[in-house]
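Shown next, in structure tokens, is the structure this report addresses.
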Amino acid sequence: MNTLDALSFTQQGWEQVLAKAKRALVYLDAACAESLHWSCGSRRLLEAVGGPVCDLREFGPQAAGGGPEQPKAVFVLSCLLKGRTVETLRDILGRSHFQYCVVVTAVGHPAHLTASHLPAGAVAELEGQQPVFEQLEEKLCEWMGNMNYTAEVLHAPLLLAPVAPHLALTPAFASLFPLLPRDLKFLNSARPDKRKLGSLAEVDASTLTPELLLQIRCLVSSLSAFCEYLGVREECFSVGTLSRIIAADLANYAPAKNRRKAAAGRASVVFVDRTLDLTGAVGHHGDNLVEKMISFLPKLPGHTNDVMVNMVELTALQKKEENYTIIAPGCLAQSNDTPARALWESLLTTKHKEALMEVRRHLVEAASRENLPIKMSMGRVTPGQLTSYIQLFKKNFRAMESHCGLLQLGLATVQTLKHPLSAKWDNFLAFERLLLQSIGESSMSSVLNQLLPIIKSFSQRTNDDYNPEDLLILLVYIYSVVGEIPTGKNLDAAEEMVKVALTMAFSEEPKLSPLLQKILGECLRIRQNSRMCLI
């Protein structure tokens, strides 16, 4: 019997896509590509496609159409089939020669009915029918230029990216962020004729914008499908304003009510607004290797949760920066490599030292199976030691191919240990521990005064000092740990001194990071306009 978990659930959804992909040109948006990346891998999809003239393409307004030798297309999309998405579909079909088109959406039909703004009574009458999908099928044939061509629109649950069997992420909802007090102004402006909202406690589903409500309904639709797969009757709990709204929507979701009646199992679902636990997001806990990999290594383009692993070490190229972009990067997701996936799942749950030993053990065992001339060494695991094991595979292509996933994780470990941020991570951890002690013994103003000496301008900083982005992370950590702070003259004075020091540090930066540019966007525009006036 198959295990019921996030991985098997997502793989089952992708089986529906693979069944339709034979000799097709496949278009995927970023969220679905990330789901594929963690669950099946692009190789599985390419094998299902099979045709030499067909491949995978990114879905978007600039996507190339299909030629005469490509009569079939499959679109795999994570969003509602409306608005710009439908316009993009129309444009791609208009510049192609498709005769058979399949559109797979990760959003269920009930959410599409909600997006159609039908009355609740009309939605109930349409239960079991799919009029939105049927209407789009007719439009697809029209856009392909012949009503006798074939078009299919279907739903498959693809919104989860299963990082491990029991850990899944939702890249399609990476932008769904908890409501903040400042959002009340926007919510009130969208309902000028109604009573003004005074606090987040007064916010419910009826006060949200249609766009946000639809996004929540798409998430609820996916969670309900997952609960149906698991065969459970869920009980929802929530902490935070947005979580309360999502939990209530799932509890009242009509398809979920019918599903729960037949469910044999039970489950508790806890929703938590991430803004209520910022210390977990910005703290440097230091005891997990995967956390450091994701923090240190560059992001894999188009992905929210994977990183690029430099593979030059396994080539004959010199280790020069200009050569790094020549070789395709490795990554952490190893969906088609069982031993590498087992190692990855182990790294997720083990402590840092044990994780290093586990990586070494896997490399030693793989080298031994391939009869490579490995020299055993015990004791502390070092980057040099792991590199020497990895390089044993360099001149044995068959061995390299057989253990490619393991070598990617091994190189990710080496590059994380050797990364310049590794030492700074330890500094962060030490400073955070010192802050926790100080907060328990001193006032908030004293804690901020301890922060002042480490706020340095660009000309004063060394590589070991904190940059402006690091300082903001520390401030978020401090204020999140302290919580409610009694105001007073000492605190006001300390905060003002920190503000002045930060302003000086920001103004002297030769180039601000993308994050700081986003945070300081309005201030930068004002500053730029002031300079133009002076000129």
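Cross-link partners of residue 257 among aspartates and glutamates, defined as those whose alpha carbon lies under 14 angstrom from its own and excluding same-chain residues fewer than eight positions apart: 127, 228, 234, 235, 249.
What shape does the stretch 316-442 take by its C-alpha gyration tensor, where a ≥ b ≥ c are the square roots of the eigenvalues and a/c under 1.5 counts as rounded, a/b above b/c as prolate, and the rest as oblate? Because a/c hits 1.5 or more and a/b exceeds b/c, the stretch 316-442 counts as prolate.
Decide, for the stretch 177-300, between rounded, prolate and oblate: order the square roots of the alpha carbon gyration tensor eigenvalues as a ≥ b ≥ c, take rounded if a/c falls under 1.5, and otherwise choose prolate if a/b is larger than b/c, else oblate. The shape class here is oblate.
Each 10 Å bin from zero holds the following percent of Cα-Cα pairs in the stretch 6-160: 11, 41, 35, 11, 1.
In summary, the convex hull built on the alpha carbon positions of the stretch 72-215 has an orientation-averaged projected area of 12.1 nm². Using 1/(1 + (r/R0)^6) with R0 = 41 angstrom and r between the beta carbons of residue 154 and residue 517, what's the FRET efficiency to the nearest 0.05? The value I calculate is 0.50.
So which aspartates and glutamates pass the test for residue 292, namely a Cα distance under 14 Å, with those fewer than 8 places away in the same chain ruled out? Excluding near neighbours in sequence, the set is 306, 426. In this structure, the amide hydrogen of residue 102, modeled 1.01 Å from its nitrogen in the peptide plane, lies closer than 5 angstrom to those of 73, 74, 75, 152, counting only residues at least 5 positions away or on a different chain. Phi-derived couplings, Karplus 6.51 cos²θ - 1.76 cosθ + 1.60 at θ = phi - 60°, listed residue by residue for the stretch 68-76: x, 8, 10, x, 10, 10, 10, 10, 10 Hz, with x used for Gly and Pro.
Using a probe radius of 1.4 angstrom, the carbon and sulfur fraction of the accessible surface of the chain is 55%. Summarising the amide proton neighbourhood of residue 233: residues at separation of 5 or more, or on other chains, whose placed amide H is nearer than 5 Å comprise 265, 266, 267. Averaged per residue, the stretch 347-417 has 52 square angstrom of accessible surface, using a 1.4 angstrom probe with ligands and nucleic acids left out.
Taking amide hydrogens as placed 1.01 Å from N in the peptide plane, the amide H of residue 238 sits under 5 Å from those of 271, each at least 5 positions away in sequence or on another chain. Can you spot the lysines whose alpha carbon is less than 30 Å from residue 72's alpha carbon? Ignore those fewer than 8 places along the same chain. The reachable lysines, counting only those whose Cα sits under 30 Å from residue 72, are 20, 22, 82, 139. Treating each Cα of the stretch 421-518 as an identical point scatterer and ignoring solvent, apply the Debye formula and state log10 I(q)/I(0) at q = 0.12, 0.14, 0.18 Å⁻¹. Results for the stretch 421-518 at q = 0.12, 0.14, 0.18 Å⁻¹ read -0.40, -0.55, -0.90.
Remark: the chain carries a charge dipole of roughly 560 debye about the Cα centre, counting +1 on each Lys and Arg Cβ and -1 on each Asp and Glu Cβ. Model label sites at residue 139 and residue 270, defined 7 Å from Cα along the beta-carbon direction, differ in position by 4.2 nm.
Once C-alpha pairs closer than 8 Å and six or more residues apart are averaged by separation and normalised to the residue number of the chain, the relative contact order reads 11 percent. Which of rounded, prolate, oblate describes the chain, given a ≥ b ≥ c as roots of the alpha-carbon gyration tensor eigenvalues and a/c under 1.5 marking rounded, otherwise prolate only if a/b is larger than b/c? Because a/c hits 1.5 or more and a/b fails to exceed b/c, the chain counts as oblate. Count Lys and Arg as plus one, Asp and Glu as minus one, and take only other residues whose Cβ is under 13 Å from that of residue 260; the net charge is then +2.
Listed by number, the DSSP H helices of the chain that run 18 Å or longer by alpha-carbon position along their axis and have mean Kyte hydropathy of at least 0.0 are 210-230, 404-418, 421-441, 468-482, 489-507.
Between residue 395 and residue 12, the C-beta separation translates, for a Förster distance of 45 Å, into a calculated FRET efficiency of about 0.65. Here the calculated FRET efficiency for residue 436 and residue 263, from their Cβ-Cβ distance with R0 = 51 Å, stands at 0.70, rounded to the nearest 0.05.
The values are calculated or read from the model by the stated rules, or taken from the named source; none is laboratory data. Worth saying up front: this structure is predicted, and the values here are computed from it rather than measured. Glycine also receives a Cβ, built like all others from the backbone with ideal geometry; neighbour counts cover every protein chain displayed. With ligands, DNA and RNA removed, areas are computed over all heavy atoms of the protein, side chains included. Shrake-Rupley method; radii C 1.70, N 1.55, O 1.52, S 1.80 Å.
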